[in-house]
Amino acid sequence: MNTNCESEFSKKIEELTNQYYSDNKKNTFFKSNQKMECAATITNQIGIDELVQRTIYLIPNTNCVFLDYTVFKTYATPDNYNKIVGYILSLFDYCINNYEYYDAYVNLDTFTISAAERYKNIITLFLNKCMTSDCVYSIKLKNMFICNTPNTFNNISKVLMPFIDPVVKEKIIVYDKKCSAELLNNLLSKKGGVRGEP
């Protein structure tokens, strides 16, 4: 996808989000339920396949899988968690089959403690399928780069770490917001204007 398409896609999501909150006054309480309703609206308008492919993709000609929370949060609901995790695993499988190993890059920009609570079911689903002892995805993972980590990441990671294989913990490299920009710019410049798909 070229930059113009990326920009148009982001604009479309923003317009759908604004329209939803224009039609449904923002809640002071029960914000999580309302965010899920807005996410379902976006999924219905754009389509789950396109959304997933713009959230999780291969960096062309590399063994790198990129996961973008900033897009994920706009549409992820319990109804599509299995589809999202299944797609992640398909890209991991592609890299393993073609490169033997894979690297994962996760952009956590705007992630919060409340988001960790809201998405705990899909996080647990992902960890149970990928990051457990003797799992092929744990063994074949070279590194997991977690970028744009929030200030509260240490608190969030304490909750998640018990679910992660100790072998995987050693492969996790965390970058704060200050250090993430250059890393992501270098990585995403390899896209060459095209999202990789298996």
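The values are calculated or read from the model by the stated rules, or taken from the named source; none is laboratory data. None of these values were measured; they are calculated from a predicted model. Counting neighbours? That spans all protein chains shown, and the Cβs are built from the backbone with ideal geometry, glycine included.
Among what's in the range 22-45 and is modelled with pLDDT under 90 and under 10 Å from Thr77 (Cβ atoms), pick the residue that is surrounded by the most Cβ atoms within 10 Å (Cβ to Cβ).
Among them, the one singled out is Lys35.
Across the range 155-175, which residue is surrounded by the most Cβ atoms within 10 Å (Cβ to Cβ) among those that are modelled with pLDDT of 90 or more and closer than 18 Å to Thr70 by Cα?
Filtering the range 155-175 for residues that are modelled with pLDDT of 90 or more and closer than 18 Å to Thr70 by Cα, the one surrounded by the most Cβ atoms within 10 Å (Cβ to Cβ) comes out as Tyr175.
Taking interchain pairs and intrachain pairs at least six residues apart, which have beta carbon atoms under 7 angstrom, with the first residue in the range 71-90 and over 16 Å from Leu108 (Cα atoms) and the second of a type in the set (D, E, K, R)?
Val85/Lys129; Leu89/Lys129
Which residue is farthest from Asn82 (Cα to Cα), if the candidates are limited to the range 129-150 and must be in a loop (DSSP other than H, G, I, E, B) and within 17 Å of the chain's Cα centre (by Cα)?
Pro150
Of the residues that sit in the range 126-154 and are among the aliphatic types (A, V, I, L, M) and in contact with an Asp or Glu (Cβ under 8 Å, 6 or more places away or on another chain), which one is surrounded by the most Cβ atoms within 10 Å (Cβ to Cβ)?
The residue in question is Leu141.
Any residue that is in contact with a strand residue (DSSP E or B) (Cβ under 9 Å, 6 or more places away or on another chain) and surrounded by fewer than 13 Cβ atoms within 10 Å (Cβ to Cβ) - is there at least one of those in the range 58-68?
Taking every residue of the range 58-68 in turn, at least one turns out to be in contact with a strand residue (DSSP E or B) (Cβ under 9 Å, 6 or more places away or on another chain) and surrounded by fewer than 13 Cβ atoms within 10 Å (Cβ to Cβ).
Could you go through the range 103-115 and let me know if any residue there is among the hydrophobic types (A, V, I, L, M, F, W, C), touching a Pro at 6+ places or on another chain (Cβ under 9 Å), more than 28 Å from Glu37 (Cα to Cα) and not in a helix (DSSP H, G or I).
No: zero hits.
Residues in the range 56-103 that are closer than 18 Å to Asn185 by Cβ and among the aromatic types (Phe, Trp, Tyr): how many?
Number of matching residues: 3.
Of the numbered conditions (1) modelled with pLDDT of 90 or more; (2) polar (S, T, N, Q); (3) over 27 Å from Met36 (Cα atoms), Ser90 fails exactly one; give the number of that condition.
Failed condition: (3).
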